[in-house]
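The values are calculated or read from the model by the stated rules, or taken from the named source; none is laboratory data. Predicted, not measured: the structure shown is a model, and the values here were computed from it. Every residue, glycine among them, receives a Cβ derived from its backbone with ideal geometry; neighbour counts consider all protein chains shown.
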Amino acid sequence: MTTQANASVHIRGITANRGQFTLQALQVFFVGLVIGMERAVLPTLAHEFGVAPGAFLFLASFVLSFGLVKGALNLVAGGLADRFGRKPVLIAGWIAAIPIPLLIWAAPSWWWIVIANIFLGISQGFTWTMTVTSQIDLAGSHQRGLAVGINEATGYVAVGLAGACAALLAEAVGARDALLVFGMATIVLAFATITRVRDTLAWVKVEHAEAGADASQDHTLTLRAIFVRISFRNRVGRAICQGGIVNKIADTLVWVMFPLFFKSHGARLVEIGWLTGTYAMVWGFSQLWTGHLGDRIGRRTPVIAGFYLLAAGIALTAVGDNAVLWLPAAVIMGIGMALLYPNLIAAMSDQAAPLIRGKALGTYRYWRDTGYALGALLLGLIAQFAQTTLPTLWITAILVAASGVWLMRALPRK
């Protein structure tokens, strides 16, 4: 097939590709359900798996294992996707998800939860990376922020819904049975719909061909060269990567420390599920407009505003002792995350030529999701030393605000 014929078949744009774009959104919804089901249930009920009171670092180890694996797999997934296509990597990610609910259900100790989250890291590193990369492939260059916003909105609405629903189910039937049923049902639905998903690598090749003589020759660079340039040598890329790390340290705070903080003030599992779920759902729904906002006014303003709002929401949570302050704080944090999250990804996509997009996004997502591991280690050590969760909130708020200052100095004004 000629380049012209290919271009007529593989037209870019969300509307032109609404069927495939919607199927990718459905996939990321299922991806969000799998990670979201753990959010409130496992930290709150960790004692059922043998975690002693005050063993904060041991408890945080399940997020540490997840972050290390997901970060590394994000990087590998980008290279594999550019070489072999997006769909095979997506399928591999869902295969890796199968042991997760089974290991949690059978777990005789917390170490089994740590192992389950290694599989979660593999699965998320492949599946979520492929859905966002594919939706960017399908969208036009002027719609990247909107595409990322829709992807992350769908995924994080699912995270919030899963957290709240899994908490309700766990109250009724217990944590093990709840996560087994919820997890396996989600995985079955994902496999049932993946057959209609098409690989988007063909759209990428057409985009590169259309660029013609103006196309960047970056596609000849190795993954190592791209990784080093984006991570360390490029001023904007370096700032974006550190922003990714810090926002995941903040999300680790919500995943591990918020349930314990709320529980220490007398909150029950269902209330904890709704508080953490509100944060994720506001984050998710708000990205339907924040990603497109970045397409219209540039990435810089939404990113910086997002970091400052996120820091403010964490600080407001720290000074509260009940849901009267915690709920609005969750909303503020969700809006902050919605502003910064899709626009950091889109800013990285703006930096990359079409044929290295998978590697460039993989590099960013490596650093970003390694933030889970760094956050688990840092916050776990702080809580372990202090024997309370409150200092982790204040330190994270300071880190988030400082990251916003760095990005304010590094991101271009356009």
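Figures for the structure shown
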{"item": "In the range 184-197, the residues that are crowded, with 17+ Cβ neighbours inside 10 Å, in contact with a Leu (Cβ under 8 Å, 6 or more places away or on another chain) and either of a type in the set (D, E, K, R) or assigned to a helix (DSSP H, G or I) (or both)", "result": "186, 194"}
{"item": "Breaking point among (1) assigned to a helix (DSSP H, G or I); (2) surrounded by fewer than 17 Cβ atoms within 10 Å (Cβ to Cβ), for residue 158", "result": "(2)"}
{"item": "Of residues in the range 280-312 being among the β-branched types (Val, Ile, Thr) and under 18 Å from the mean Cα position of the chain (by Cα), the one farthest from residue 240 (Cα to Cα)", "result": "282"}
{"item": "Which numbered condition residue 57 fails, given (1) of a type outside the set (Gly, Ala, Ser); (2) within 30 Å of residue 358 (Cβ to Cβ); (3) touching a helix residue (DSSP H, G or I) at 6+ places or on another chain (Cβ under 8 Å)", "result": "(2)"}
{"item": "Any hit, the range 59-66, residues being crowded, with 24+ Cβ neighbours inside 10 Å and aromatic (Phe, Trp, Tyr)", "result": "yes"}
{"item": "Residue pairs meeting the criteria (Cβ under 8 Å; at least 6 apart or on separate chains; first under 9 Å from residue 133 (Cβ atoms), in the range 75-88; second of a type in the set (S, T, N, Q) and assigned to a helix (DSSP H, G or I))", "result": "77/129; 78/129; 78/133; 78/363; 81/129; 81/133; 86/133; 86/134"}
{"item": "Flag for residue 347 being in contact with a Leu (Cβ under 8 Å, 6 or more places away or on another chain) and under 17 Å from residue 274 (Cβ atoms)", "result": "no"}
{"item": "The range 13-38 - residue that is part of a loop (DSSP other than H, G, I, E, B) and in contact with a Phe, Trp or Tyr (Cβ under 6 Å, 6 or more places away or on another chain) and, of those, modelled with the lowest pLDDT", "result": "14"}
{"item": "Pick from the range 353-373, criterion farther than 19 Å from residue 259 by Cα, among the hydrophobic types (A, V, I, L, M, F, W, C) and outside any loop (DSSP other than H, G, I, E, B), ranking: farthest from the chain's Cα centre (by Cα)", "result": "355"}
{"item": "Pair list, Cβ < 6 Å and 6+ apart or interchain, from the range 387-406 residues that are without any contact (Cβ under 8 Å) to a residue 24 or more places away in the chain to residues that are buried (at least 16 other Cβ atoms within 10 Å of the Cβ)", "result": "391/382"}
{"item": "Any hit, the range 96-108, residues being within 17 Å of residue 24 (Cα to Cα), assigned to a helix (DSSP H, G or I), within 18 Å of the chain's Cα centre (by Cα) and at pLDDT 95 or above", "result": "no"}
{"item": "Lone qualifier among 186, 222, 200 - being modelled with pLDDT of 90 or more, over 14 Å from residue 367 (Cβ atoms) and not charged (D, E, K, R)", "result": "186"}
{"item": "Subset of the range 270-304 (residues that are buried (at least 18 other Cβ atoms within 10 Å of the Cβ) and either within 19 Å of residue 408 (Cβ to Cβ) or without any contact (Cβ under 8 Å) to a residue 40 or more places away in the chain (or both))", "result": "290, 293, 294, 298, 299, 300, 302, 303, 304"}
